[in-house]
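**Student:** I am attaching a structure below and will ask some questions about it afterwards.
The values are calculated or read from the model by the stated rules, or taken from the named source; none is laboratory data. None of the values given here were measured: they were computed from a predicted structure. Every residue, glycine as well, gets a Cβ built from its backbone with ideal geometry; the counts of neighbours run over all protein chains shown. With ligands, DNA and RNA removed, areas are computed over all heavy atoms of the protein, side chains included. Shrake-Rupley method; radii C 1.70, N 1.55, O 1.52, S 1.80 Å.
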Amino acid sequence: MNSRHAILNRLRQAQPAARDLPAIPLFDTARLNTVDDFRAALARMGGIWREAPANGGPEALIAELFPKARSVVTAVPEVRGTRHICDVRYPQELDDVDVGVVRPAFAVAETGSIWLSEREYRMNALGYLPQHLVALLDPADIIGNLHQAYRRREFFDARYAVLMSGPSATADIEGVLIRGAQGVRSLTIVPWPKGHR
């Protein structure tokens, strides 16, 4: 056994016994009107809330919003796109994507965030390499605050997860806000119930 293994074995033996996490209150001082509060918080973070047209649904809206998009990669059954994420083998294949389409597991009204994991992305790069990200969100999946979010089962089951609040942004250079600096240039949320075609 080399010294690395000896050190790691000693660390494993010195670990304390597992114990339950402490109970944490929800701190629900004010009830949020989940859809309205989510929309307001999303707008503050630079995200866009867009209703899908009655005829054509999300696919028609994507064509309207991004008429020059050549590559639309989708991880949802409601939008065909030009490719499905299941057909992508390597993250590098997403380097030319104009629009990515996902369905978050839930959203948080307090912060205007959507929750995505490897289950929703299918390939994590789908959340960062496309120029624009469109998320189909069931309004019934909007919860009030982060305290409620952290109690959800998804946090315990996912290996990777992100609470995305708006498009990528930075204000490092002279305090000027620039959107789309390191990731998607826009995040559009489309209210669309699960199973709705």
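**Student:** For the range 181-188, check the following and say yes or no: at least one residue is farther than 30 Å from ALA54 by Cβ and in contact with an Asp or Glu (Cβ under 8 Å, 6 or more places away or on another chain).
**Tutor:** Looking for residues that are farther than 30 Å from ALA54 by Cβ and in contact with an Asp or Glu (Cβ under 8 Å, 6 or more places away or on another chain), one finds none in the range 181-188, hence no.
**Student:** Follow-up. If I ask for residues that are of a type in the set (A, V, I, L, M, F, W, C) and farther than 18 Å from LEU42 by Cα, which ones from the range 101-155 would you list?
**Tutor:** Within the range 101-155, MET123, ALA125, LEU126, LEU129, PHE155 qualify.
**Student:** Further question: Would you check which residues across the range 127-163 are aliphatic (A, V, I, L, M), assigned to a helix (DSSP H, G or I) and open to solvent by less than 30 Å² (accessible area, probe 1.4 Å) and list them?
**Tutor:** ALA149, the sole residue that qualifies.
**Student:** Is one or more of the residues making up the range 176-192 in contact with a helix residue (DSSP H, G or I) (Cβ under 7 Å, 6 or more places away or on another chain) and either hydroxyl-bearing (Ser, Thr, Tyr) or open to solvent by 30 Å² or more (accessible area, probe 1.4 Å) (or both)?
**Tutor:** yes
**Student:** Among the numbered criteria (1) assigned to a loop (DSSP other than H, G, I, E, B); (2) in contact with a strand residue (DSSP E or B) (Cβ under 8 Å, 6 or more places away or on another chain); (3) more than 26 Å from ARG89 (Cα to Cα), which single criterion is violated by VAL190?
**Tutor:** The failed condition is (1).
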